[in-house]
Amino acid sequence: MKSNRKGETGKVPHRSSRIFHMKNLWYYDTREGVDIGPFHSHDEALASLQEFLQFTQLANNKTLKAFSSALSTKEELCLTNEDLL
């Protein structure tokens with residue numbers, strides 16, 4: 001059953017799977033338009049996607065900003081433990 005995400009109201013929009021298969025490898029895409037992978041199986045990609053989503057829900061704003069910026073510019077992201085607190 002489809003339902004709205006936290007903070008959403010109104011009609012539930014169509015959502016497609018973020019996981020896709022290309023050249024015998026699996027990937028998932030982010031809302032930032034970045035493909036994450038490769039993974040050897042759909043299950044590996046799904047597990048990583050779930051970890052990614054959990055990270056985005058639990059991270060503080062400073063970390064999320066740095067992470068989103070790195071994703072959008074495809075730069076390497078280096079955070080210290082202090083950044084994660």
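Bear in mind that the values in this text are calculations on the coordinates, not laboratory data. Because the structure is predicted, anything quoted here is derived from the model rather than measured. Cβ atoms come from the backbone with ideal geometry, glycine included; neighbour counts cover every protein chain shown.
The modelled label-to-label distance for the pair Glu32/Lys11, using points 7 Å beyond Cα in the direction of Cβ, is 3.2 nm.
With 10 angstrom as the radius, rank Thr56, Thr30 by how many other C-beta atoms surround their C-beta, starting from the fewest. Present the calculation step by step, with values, prior to reporting the outcome.
Numbers: Thr56 14, Thr30 17.
By the 10 Å Cβ count, ascending: Thr56, Thr30.
Counting neighbouring beta carbons within 10 Å and listing from fewest to most, the residues Lys11, Lys62 come out as Lys11, Lys62. Between Ser72 and Phe52, the distance separating the two model label sites (each 7 Å from Cα on the Cα→Cβ line) works out to 1.7 nm.
Each label point was placed 7 Å from the Cα along the Cα-to-Cβ direction; for His40 and Asn24 their separation is 1.3 nm.
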